[in-house]
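**Q** Just passing along the structure, written as structure tokens.
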Amino acid sequence: MKDIAYEKIKEKMIKGDEGYTSENTLVQELNMSRTPIREALNRLQHEGFLKIMPNRGILFTELSVEARNELIDMRIAIETYSLELAATRITADHIKELSGIINMQESAYVADDFADLIEKDALFHHYLLEIVGNSQFIKMYRQARERQFTVRAGKWLKHKPDVLQTFIEDHKVILNAIIQKDIPAATRYLKEHLEKGKL
């Protein structure tokens, strides 16, 4: 139950639902007892996602511009290097899987399902890392990407559908370069795509 509470609370933050809440509110919203919610909150606080303020409530934390840019730079280093390593390993099945992920992104966009769209965007990047299979890279990617998506980021993206559509088009360009076996171009496009997060 504490793992379910952890994921649901973090989903609220990523979706940009609110920047401030309370334990009582979460008990009602998630229909859970206090124990798993309290354990989830303590874990999220330890990971830097929120601050628990006694007798005041819970505040979802925001990253500084510098911290966000550092996370993006780390992702660029990990993801572009992995793509270069993956050059000789990419198969037709990998191409099919990446294409399917982009199709799911487009479906989520048409359905105006923000949470699913963000999830499928992450899946595209995650899958590129899985081709190489470096578990440490994958772990660092997950941590960095989750920290990027704060309440403020979620609210901003939710009201910028053109930006989200651009992300999908970027993925198509990256995949097309991979299909053409032009890994230097795919790597360059991936870097440009990730750097948009700094804007």
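**Q** List the pairs whose first member sits in region 88-103 and is hydrophobic (A, V, I, L, M, F, W, C), whose second member is open to solvent by 80 Å² or more (accessible area, probe 1.4 Å), and whose Cβ atoms are under 7 Å apart, counting only residues at least 6 apart or on separate chains?
**A** Close Cβ pairs (under 7 Å, with a partner that is open to solvent by 80 Å² or more (accessible area, probe 1.4 Å)) amount to 95/179.
**Q** Counting only residues that are open to solvent by 20 Å² or more (accessible area, probe 1.4 Å), of a type in the set (Asp, Glu) and within 23 Å of residue 83 (Cα to Cα), how many does region 107-140 have?
**A** Final tally of qualifying residues: 2.
**Q** Going residue by residue through region 69-78, is there one that turns out to be more than 16 Å from the chain's Cα centre (by Cα) and under 30 Å from residue 174 (Cα atoms)?
**A** Yes, some residue in region 69-78 is more than 16 Å from the chain's Cα centre (by Cα) and under 30 Å from residue 174 (Cα atoms).
**Q** Taking the condition of a type outside the set (S, T, N, Q) and over 15 Å from the mean Cα position of the chain (by Cα), does residue 59 pass?
**A** Details: of a type outside the set (S, T, N, Q): yes; over 15 Å from the mean Cα position of the chain (by Cα): yes.
In short, yes.
**Q** Quick one: is residue 129 more than 18 Å from residue 196 (Cβ to Cβ), of a type in the set (A, V, I, L, M, F, W, C) and in a helix (DSSP H, G or I)?
**A** It is true that residue 129 is more than 18 Å from residue 196 (Cβ to Cβ), of a type in the set (A, V, I, L, M, F, W, C) and in a helix (DSSP H, G or I).
**Q** Are any residues in region 120-135 touching a helix residue (DSSP H, G or I) at 6+ places or on another chain (Cβ under 8 Å) and farther than 18 Å from residue 190 by Cα, and if so, which ones? So that I can check it myself, show each step before the final result.
**A** We begin by selecting, within region 120-135, every residue touching a helix residue (DSSP H, G or I) at 6+ places or on another chain (Cβ under 8 Å); these are 120-132, 134.
The one that is touching a helix residue (DSSP H, G or I) at 6+ places or on another chain (Cβ under 8 Å) and farther than 18 Å from residue 190 by Cα: 134.
The values are calculated or read from the model by the stated rules, or taken from the named source; none is laboratory data. The structure presented is a predicted model; accordingly, all values stated were derived computationally and were not measured. With ideal geometry, Cβ positions are generated from the backbone for all residues, glycine too; neighbour counts draw on all protein chains shown. Note: accessible area is taken over every heavy atom of the protein model, side chains too, but ligands, DNA and RNA are not part of it. Shrake-Rupley method; radii C 1.70, N 1.55, O 1.52, S 1.80 Å.
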